[in-house]
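Enquirer: This is the structure I have questions about; it appears just below.
The values are calculated or read from the model by the stated rules, or taken from the named source; none is laboratory data. This structure is a prediction, so every number in the text was calculated from the model and none was measured. Note that we place each Cβ from the backbone using ideal geometry, even for glycine, and neighbour counts take in every protein chain shown.
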Amino acid sequence: MTAIRAGLLGLGLSCLSAAVSAQSPAPGGMPPPPGMTLAASTAMRFPQPVRAGTLIGRDVIRPVEAQDYVGSVRALVENASGQVLVVMKLGGFLGFGGRLVAVPLDAMVLLGQDMEVVALTPAQLRTLPAFSAKNLRPVDAARVLKVGLAKPSH
């Protein structure tokens, strides 16, 4: 269990709701400017080659100083147009509850051993539909993907 998750669990459920409501003035650190695609935004974030299998199990955090825990990566899938989606468990407490959602890989970046959602606010994440594997195929664990990098928010 990472230090981030352990700290979050130690604070308890009441602090969790306070952390979620404390939003950065620029949610996600640096979302793409209006009119810029997620792919173009990723290209500006020094994308690095990463094997898909190494992303499974990583914690997903918000890129703010507190690095609020958002969820964890469960799988990577690809849609018919070739877009890679990160399936992550969103919410829950102590491993119970929550739901699976799919977030475009281009909406996320790497920060050390964690991933950050940079193009969606927590409110937008909560409105995502529950994940359905219909018309999606798993990404091979050995496949090399390009993932942008983040600099620490603090």
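Enquirer: Would you check which residues across the stretch 101-144 are in a loop (DSSP other than H, G, I, E, B), farther than 17 Å from ALA75 by Cα and over 10 Å from the mean Cα position of the chain (by Cα) and list them?
Expert: Once the filter is applied, which keeps residues that are in a loop (DSSP other than H, G, I, E, B), farther than 17 Å from ALA75 by Cα and over 10 Å from the mean Cα position of the chain (by Cα), the stretch 101-144 yields GLY112, THR121.
Enquirer: A further question follows. Looking at GLY98 and the list (1) surrounded by 12 or more Cβ atoms within 10 Å (Cβ to Cβ); (2) at pLDDT below 70; (3) not aliphatic (A, V, I, L, M), which single condition is not satisfied?
Expert: Condition not satisfied by GLY98: (2).
Enquirer: Okay, next question. Filter the stretch 30-72 down to the residues that are over 16 Å from LEU111 (Cβ atoms) and in a strand (DSSP E or B), then identify the one that is modelled with the highest pLDDT.
Expert: Looking at the filtered set, the residue picked out is ARG51.
Enquirer: Checking the structure you have, find out if any residue of the stretch 18-29 is modelled with pLDDT under 60, assigned to a helix (DSSP H, G or I) and among the hydroxyl-bearing types (Ser, Thr, Tyr).
Expert: Checking the stretch 18-29: at least one residue is modelled with pLDDT under 60, assigned to a helix (DSSP H, G or I) and among the hydroxyl-bearing types (Ser, Thr, Tyr).
Enquirer: Also, I was wondering about something else. Does at least one position in the stretch 120-129 carry a residue that is at positive phi and free of Cβ contacts under 8 Å to residues at least 60 places away in the same chain?
Expert: No, every residue in the stretch 120-129 fails to be at positive phi and free of Cβ contacts under 8 Å to residues at least 60 places away in the same chain.
Enquirer: Another question, if that's okay. Is it the case that the stretch 79-93 has a residue that's among the aromatic types (Phe, Trp, Tyr), under 11 Å from the mean Cα position of the chain (by Cα) and modelled with pLDDT under 90?
Expert: No, the stretch 79-93 has no match at all.
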